[in-house]
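Asks: Sharing a structure with you now.
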Amino acid sequence: MPLDELQALALMRARDQARAVLGVVRDAMVEIEQPALLAICALLADGHLLIEDVPGVGKTTLARVVARAIGGHDARIQCTGDLSAEDVVGRLIPSDGFRDETFERGPIFANAVVFDEFNRATQRVQSALLAAMEERVVTAGKQRHALPRPFFAVGTMNPHDNSGTFELGFAQRDRFAIRTGLGYASARGEVDLIDRFSAFDVTAEIDPIIAPGDLVKLQRAVELVRASASVKAYLVDLVRATRDHPDVLVGASPRSILTTFRCCQALTMLRNDPEVTHAHVRELFAPCIEHRLRVRDGASPSAVIVDMLERVPVPAAEEPPLANAA
């Protein structure tokens with residue numbers, strides 16, 4: 001169904017604001033065009049972001065830059081083995097006879113939260129955090145407390161250091177809409193890094209581009225981006241194919257279909273394309289799905305993704321309806 005005039009105007013304004021946020025994030029760091037694009041897609045899709053890479057490449061900096069760009073309140077939580085759920089979620093302060101029982105909010109009550117080295121938190125704490133990410137509420141005693149909107153969580157992990165870490169289960173990874181890494185900059189980029197950032201904190205220079213309430217409107221505008229039945233069917237076929245692959249023990253979930261589609265809508269808006277295409281689905285299939293797969297020992301999730309994209313046929317372009325069709 002075509003957009004009406006007001007919807008088209010809302011989508012155009014949302015596109016301009018979203019691209020402004022993306023520009024600030026890209027300019028704040030060195031050679032992060034693709035990771036920045038994926039981070040903003042997750043943000044606009046009202047999802048969460050997982051960044052896995054070696055130490056020192058800017059994982060936490062990217063997360064904090066995104067947090068600052070969207071305004072509101074941001075928080076950084078350093079995950080360690082002795083971190084408790086109360087340290088993050090908050091705690092009940094019992095009545096002292098003069099005051100009623102009260103709830104002291106933890107740092108998770110922010111618009112953007114960075115969970116640094118997520119896999120160093122115990123599995124009990126991980127479960128509490130991921131439940132909050134999914135439901136956007138926390139429970140203390142018998143009371144449920146809503147988290148602020150928008151609520152954007154970024155988890156960072158070092159996949160090459162298992163000392164003192166707790167495995168992040170695949171059901172838990174499923175809560176993250178997109179996974180990305182940063183990689184090392186080129187030699188020229190690392191020289192630029194010295195010139196630009198050796199003397200100050202890059203995140204201190206970031207001014208908010210939009211207010212939290214405006215971000216919520218952007219996330220709603222993403223839903224207006226259209227997609228044909230063919231594109232939706234193609235995404236479903238790709239995800240369902242992961243469940244039948246001989247190297248996959250647990251394939252992608254129905255949740256992954258919904259979040260991947262929303263991320264494709266966000267990418268379409270950022271690119272100023274008229275509607276979601278098969279190419280958008282193919283571009284985001286790996287960052288949205290790879291981290292959700294549980295594969296056999298010796299198998300590679302990335303190889304499974306490549307195989308799916310090669311084996312599942314791309315539907316032929318749909319013919320536009322005839323002008324005089326009944």
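All of the numbers you see were taken from the coordinates with simple rules; none came from a lab. All of these numbers come straight from a predicted model, not from anything done at the bench. Neighbour counts are summed over all protein chains in view; Cβ atoms, including those assigned to glycine, are modelled from backbone coordinates with ideal geometry.
Asks: Work out the FRET efficiency for Glu310 and Asp82 from their Cβ-Cβ distance, taking R0 = 30 Å, and round it to the nearest 0.05.
Replies: Working: r = 46 Å, r/R0 = 1.55.
With R0 = 30 Å, the Cβ-Cβ based efficiency is 0.05.
Asks: Equivalent-ellipsoid semi-axes (√(5λ), Cα gyration tensor) for the range 225-317, whole Å, largest first? Numbers along the way, then the final one.
Replies: On the way: eigenvalues 113, 33, 23 Å².
Rounded to whole Å, the semi-axes are 24, 13, 11.
Asks: Let me ask another. Is it possible to state the helix-based mean residue ellipticity at 222 nm for the chain, with each DSSP H run of 4+ residues giving -39500 (n - 2.57), the sum divided by total residues, to the nearest 500 deg cm²/dmol? What is it? Before the final figure, lay out the partial values.
Replies: On the way: 12 runs with 147 residues, N = 326.
That comes out to -14000 deg cm²/dmol.
Asks: Just report the Cα centroid separation between the range 234-287 and the range 46-98, whole Å.
Replies: Using only Cα atoms, the two centres lie 28 Å from each other.
Asks: Let me ask something else about it. Taking other Cβ within 10 Å of each residue's Cβ, how do Glu310, Glu101, Glu290 sort, fewest first? Walk me through the numbers before you get to the answer.
Replies: Working: Glu310 8, Glu101 12, Glu290 20.
Going from sparsest to densest Cβ surroundings: Glu310, Glu101, Glu290.
Asks: Amide H neighbours of Phe103 under 5 Å, counting only residues 5+ apart in sequence or on other chains, H built in-plane at 1.01 Å?
Replies: Ile93
Asks: Another question about this same structure. By a straight-distance test (C-alpha under 25 Å), which lysines pair with Lys232 as possible cross-link partners, with residues fewer than eight away in the same chain excluded?
Replies: The qualifying lysines are Lys217.
Asks: Still on this model: When the chain is modelled as a GNM with alpha-carbon springs shorter than 10 Å, which of Leu92, Leu43, Leu129 fluctuates the most?
Replies: Its mean-square fluctuation being the largest, the pick is Leu92.
Asks: Nearest 10 degrees is fine. How inclined is helix 187-197 to the longest principal axis of the chain, computing both from alpha carbons?
Replies: With both axes taken from Cα atoms, the answer is about 50 degrees.
Asks: While we're on this one: With N denoting the number of residues in the range 1-127, provide Rg(C-alpha) divided by 2.2 N^0.38 Å, to two decimal places.
Replies: On the way: Rg = 18.9 Å, N = 127, 2.2 N^0.38 = 13.9 Å.
Output field value: 1.36.
Asks: Something else now. Give, in whole angstrom and from largest to smallest, the semi-axes √(5λ) of the equivalent ellipsoid of the range 109-246, with λ running over the eigenvalues of the Cα gyration tensor. Can you show the working numbers first?
Replies: On the way: eigenvalues 160, 114, 105 Å².
Over the Cα atoms of the range 109-246, the semi-axes work out to 28, 24, 23 Å.
Asks: Another question, if that's okay. If I model a spin label at Asp100 and Arg196 as a point 7 Å from the Cα along the Cα→Cβ vector, what separation in nanometres do I get?
Replies: 5.2
Asks: Next question, about the same structure. Please check: in the Gaussian network model of the chain (C-alpha springs, under 10 Å), which one of Pro313, Pro94, Pro107 has the largest mean-square fluctuation.
Replies: Greatest mean-square fluctuation among the candidates belongs to Pro94.
Asks: Continuing with this model, one more query. Any idea what the alpha-carbon Rg over 2.2 N^0.38 Å comes to for the range 50-112? It would help to have the intermediate numbers written out before the result.
Replies: Numbers: Rg = 16.0 Å, N = 63, 2.2 N^0.38 = 10.6 Å.
Against the empirical 2.2 N^0.38 Å value, I get 1.51 for the range 50-112.
Asks: With a cut-off of at most 10 other beta carbons within 10 Å, and DSSP calling the residue loop, which chymotrypsin sites (Phe, Trp or Tyr not before Pro) in the range 75-148 qualify? Please list them.
Replies: Working: sites: Phe98, Phe103, Phe109, Phe115, Phe118; in loops: Phe98, Phe109.
Taking the range 75-148 and a limit of 10 other Cβ atoms within 10 Å, the loop chymotrypsin sites (Phe, Trp or Tyr not before Pro) found are Phe98.
Asks: Can I ask one more? Could you list the GluC sites (Glu not before Pro) in the range 125-169 that lie in coil according to DSSP, counting only those with at most 12 other Cβ atoms within 10 Å of their Cβ? Each step should come with its number before you reach the end.
Replies: Details: sites: Glu134, Glu135, Glu167; in loops: Glu167.
Loop-located and lightly packed - Glu167.
Asks: Still on this model: When DSSP assigns beta bridges and you keep just the ones with both residues in the chain, what percent turn out antiparallel, to the nearest 5?
Replies: Counting only bridges with both partners in the chain, antiparallel ones make up about 35 percent.
Asks: Taking the Cα atoms only, what angle lies between the long axis of helix 254-270 and the longest principal axis of the chain, rounded to 10 degrees?
Replies: Value to nearest ten degrees: 80.
Asks: Using Cα atoms only, what is the angle between the long axis of helix 59-69 and the major principal axis of the chain, expressed in degrees (0 to 90) to the nearest 10?
Replies: It works out to around 80 degrees.
Asks: Given the options Arg99, Arg243, Arg64, which has the most mean-square fluctuation in a GNM of the chain, springs set between C-alpha atoms less than 10 angstrom apart?
Replies: Of the options given, Arg99 has the highest mean-square fluctuation.
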